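Here the structure is laid out as structure tokens; the discussion comes afterwards.
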Amino acid sequence: MRGKAKNPDPRPANTKAKILAATRVLMNMGTFTPTREDIAEIAGVDVRSIFNHYRRVEILYLEVLASEPGMPQKMAAALLEREGFTIDSNMPTSETLEKVIGLIPIIAIRTRCG
């Protein structure tokens, strides 16, 4: 038929959705910076697909963090708990971030000292 547009290939969008979903799963499990290999395994895609969609993996992390309400707070709470600190889940986001930022040097020293 003349004038009828072809359907675009849905695979790239599906691949990106799989990558985002896999990254979200890993982050929800407490893996704060999952590797491309781990993401690809869970997503069922080739690692090169992740490079095709996200040249820098940090952009992928930020996209996941921005897409799920409460994810930054959840990750901060998990990190603090892992390091032996706690935060009040009812604490406003700004206070939570201040507390996390204040604890970063302590956590870094603990990590280096092992």
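The values are calculated or read from the model by the stated rules, or taken from the named source; none is laboratory data. Remember, predicted model here, so these are calculated numbers, not experimental data. Ideal geometry is used to build each Cβ from the backbone, glycine not excepted, and the neighbour counts take in all protein chains shown.
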Q. When the residues of segment 20-51 are filtered to those that are in contact with a Lys or Arg (Cβ under 9 Å, 6 or more places away or on another chain), in a helix (DSSP H, G or I) and in contact (Cβ under 8 Å) with a residue 40 or more places away in the chain, which remaining residue is surrounded by the fewest Cβ atoms within 10 Å (Cβ to Cβ)?
A. N28
(Q) Taking the condition of being in contact with a helix residue (DSSP H, G or I) (Cβ under 7 Å, 6 or more places away or on another chain) and hydrophobic (A, V, I, L, M, F, W, C), how many residues in segment 45-70 meet it? (A) 7
Q: Under 7 Å between Cβ atoms, at least 6 apart or on separate chains: pull out the pairs that start in segment 57-73 with a residue that is more than 12 Å from K16 (Cβ to Cβ) and end on any residue that is exposed (fewer than 14 other Cβ atoms within 10 Å of the Cβ).
A: Y61/T33; Q73/T93
**Q.** Those residues of segment 60-91 which are part of a helix (DSSP H, G or I) and over 16 Å from G30 (Cβ atoms), in sequence order
**A.** L60, L62, E63, A66, S67
Q) Considering only residues of segment 1-19 that are assigned to a loop (DSSP other than H, G, I, E, B) and of a type in the set (A, V, I, L, M), which is modelled with the highest pLDDT? A) A5
